[in-house]
Amino acid sequence: MQLKRQDVIDACGDQAFSRGLDYFAKSRVLFLEAEGISDESELKLKAKTKGGAHRIYEQNIVLRADYGFIDVDGYCSCPMHYNCKHIAAVCLCYEKNQHQLSSVHRKQNLHENKGQLSPEITHWLNSLHLTTHETSGTSETGSTEFPVYMQTQWKNEAKAVHVDIRLTHSRKSGNGLVKGRLTSPDQLCSAYHHQSCRIQQIDRDIGRCLKTLHPNLYSYNAESVLEGRSGAIALNLMLETERCFLTDLQHPPLAKGPDLSIEFRWIPAESGELCLRTLDTEDLILLPTIPAMYIDSQSGKVGMMESSEWHQQQIPMLLQAPTIPAEFAPLLNTTLLESFPDLPLPPPVAMKVKENSGEKITPRLTLGSVEISNKRMHCLFLDFDYDGDRVLPYPVETLTRLSTKNQRIHVKRSKERETQSIQRLIDMGFTLQPPIPSKRQPHTLLPIGNTPTQEDIHT
């Protein structure tokens, strides 16, 4: 009875297997006992595994051989009870040690070294040894099939890249690869080493990522679109195999390229509508992955896209921006200025930008009142004048963007000088009140005599 990792995945599922793999790698299986003979149809395992918060859970597992596969029937004392991550970790531990545990009744305390290397070091050496036998690239000879990953951009979907998985092999002449046959992520995940096809662990990892993107990818011709976090992980794994191609197998495989800094602008299309596009990226296929990635169709390089103004979750949204009819451009300008002044989105109609260096700062006080616990109290509202541009201090930021009817203003703020102004008022007998979260507002200061007590606040 030869337990394989795919047997564990089939029994416990991808999520429990992944977490069990982490537990196994961290040597959290403390004790393992096998009863029976591994060559027979049934084997019993007893184990102890360290769970969260240093809890020790006990596992009882029965392995049964069934038509070339092994059924895993595992019970655990953890809250999940059946075929959980602890069961997966114990099975992985047995898979590694099954030759040592092949006698009728053999125990192994995995934390008793007695002159042997620790489990962590042994696992690391075994993993290192296994990876030397997992070849990358397309160097297989003869008729042995292996998967390749074809990236295709559909003409009617300029922002979508689809992945075809093909099982191919080298031509008899040794020059290039045959077109091969389509397969699905589901088949890729369930396949194991056999005579006609070489599927590596990294290929199964790619298959699981693609299944996460599209859970219903069982058909050979199902569409697999690279997007989101799983899309980025899948593409990086494909690059690692050196079997990732663009459009066809006649060109060299895609390779990792440099990270690119991108900038967005509204550009008129042939239809007259305005499209949000990146500058100097004519040869690039931009992918709505997280982090955002590109494929250079000329050089065959793949890399990440970076922006100083946008975070990684926003870039895919920018790549999928709708087109704007030209007659709506002035209205979009007004909407950006009035409703979204904090968005660094360029206006579709050119506007002047004023850079305020923040050298001259003047505190501005306004007498007002606030209501706290049904009590009306006098207070001071504090904001700042930066050389004629009025800035509300919340939220705290190094650059504040303001807008007027005809221009955008970038104000460079001085946290040190603003803090000094607040401290002067505190020294004069005022207390600073906490701000309302996620709202632009001035500082609110109350005289010490009017400061609400904790009882007032909670009344």
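The values are calculated or read from the model by the stated rules, or taken from the named source; none is laboratory data. Since the structure is predicted, the reported quantities are computational estimates derived from the model, not experimental observations. Using ideal geometry, Cβ is built from the backbone for each residue, glycine included, and neighbour counts are taken over all protein chains shown.
Odds and ends about this structure:
- Within the range 228-238, the set of residues being surrounded by fewer than 19 Cβ atoms within 10 Å (Cβ to Cβ) and either touching a residue at least 40 places away in the same chain (Cβ under 8 Å) or in contact with a His (Cβ under 7 Å, 6 or more places away or on another chain) (or both) comprises 228, 229.
- Residues satisfying the stated conditions in the range 371-392, i.e. modelled with pLDDT of 90 or more and either of a type in the set (D, E, K, R) or under 23 Å from residue 437 (Cβ atoms) (or both): 379, 380, 381, 382, 383, 384, 385, 387, 389, 390, 391, 392
- Boolean, residue 259 is closer than 19 Å to residue 306 by Cβ, modelled with pLDDT under 85 and of a type outside the set (Val, Ile, Thr): no
- Scan of the range 267-283 for residues that are at pLDDT 85 or above and over 10 Å from residue 319 (Cβ atoms), ordered by number: 267, 268, 273, 274, 275
- Residue pairs whose Cβ atoms lie under 6 Å apart, sitting 6 or more positions apart in sequence or on different chains, and linking a residue in the range 88-99 that is closer than 16 Å to residue 11 by Cβ to a partner that is in a loop (DSSP other than H, G, I, E, B) and at pLDDT 90 or above, do not occur here.
- Out of 279, 260, sole residue that is buried (at least 19 other Cβ atoms within 10 Å of the Cβ), over 24 Å from residue 185 (Cβ atoms), in the same structural domain as residue 152 (by TED's automatic domain parsing) and of a type outside the set (Val, Ile, Thr): 260
- For first residues located in the range 307-324 and closer than 14 Å to residue 229 by Cβ and among the polar types (S, T, N, Q), partners that are modelled with pLDDT of 80 or more and buried (at least 16 other Cβ atoms within 10 Å of the Cβ) and lie 6+ apart or on another chain with Cβ distances below 8 Å form the pairs 312/290; 312/291; 312/292; 313/290.
- Of the helices (runs of 4 or more DSSP H) lying entirely inside the range 110-227, those containing at least 1 residues that are small (Gly, Ala, Ser), surrounded by 12 or more Cβ atoms within 10 Å (Cβ to Cβ) and at pLDDT 75 or above are 201-213.
- Test: residue 381 is in contact with a Gly (Cβ under 7 Å, 6 or more places away or on another chain) and not assigned by TED's automatic domain parsing to the domain that holds residue 261: yes
- Residue check for residue 436: at pLDDT 90 or above, hydrophobic (A, V, I, L, M, F, W, C) and not in a strand (DSSP E or B): no
- Selection count, the range 29-56, where residues are outside any helix (DSSP H, G or I) and either surrounded by fewer than 22 Cβ atoms within 10 Å (Cβ to Cβ) or not assigned by TED's automatic domain parsing to the domain that holds residue 92 (or both): 18
- Condition check for residue 305: under 16 Å from residue 236 (Cβ atoms), surrounded by 19 or more Cβ atoms within 10 Å (Cβ to Cβ), out of contact with any Gly (no Cβ under 9 Å at 6 or more places or on another chain) and among the hydrophobic types (A, V, I, L, M, F, W, C): yes
- For the range 337-370, the candidate set comprises residues that are assigned to a helix (DSSP H, G or I) and not hydrophobic (A, V, I, L, M, F, W, C); within that set, the residue that is modelled with the lowest pLDDT is 338.
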